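The values are calculated or read from the model by the stated rules, or taken from the named source; none is laboratory data. Bear in mind that the values here come from a model prediction, so they are computed numbers and not experimental data. Because the Cβ atoms are built from the backbone with ideal geometry, glycine has one as well, and the counts that use them run over all protein chains shown.
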Amino acid sequence: MMPTMPTSGKPNRWHAARSPEQAKLLYNSQRWRNYREVFLRQHPVCVVCEHIATVVDHIQPAAYRPDLFWKSSNHQPMCAECHNRKRATSDKG
């Protein structure tokens, strides 16, 4: 079962990052590590090169769309090489 965002109506620290520092906290959280592990187990192949995926990529970067941080529809599996290439070219805004 895929981890999901909290369903309570109250915003909390897990909903979205509002700054680069908050994004780091989310990426370093146990919740994200658990989510990443489950996601990559369910989606083990890089969408670009079909090698083993090791990164959960935010299709729309979390820095620009923090509201999509936990949306699984905004996630895709990537290998580190393809993810680094994407970040170097398209995640600049």
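General remarks:
- Of residues in region 63-86 being of a type in the set (A, V, I, L, M, F, W, C) and assigned to a helix (DSSP H, G or I), the one farthest from Val47 (Cα to Cα): Leu68
- Residues of region 20-62 classified as assigned to a helix (DSSP H, G or I) and of a type in the set (A, V, I, L, M), total: 5
- Odd one out for Val48, checked against (1) modelled with pLDDT of 90 or more; (2) within 13 Å of the chain's Cα centre (by Cα): (2)
- Neighbours by Cβ (under 7 Å, 6+ apart or cross-chain): first from region 73-84, within 9 Å of His51 (Cβ to Cβ); second surrounded by fewer than 20 Cβ atoms within 10 Å (Cβ to Cβ) and polar (S, T, N, Q): Cys79/Thr54
- Test: residue in region 76-91 that is surrounded by fewer than 16 Cβ atoms within 10 Å (Cβ to Cβ), at pLDDT below 80 and out of contact with any helix residue (DSSP H, G or I) (no Cβ under 7 Å at 6 or more places or on another chain): yes
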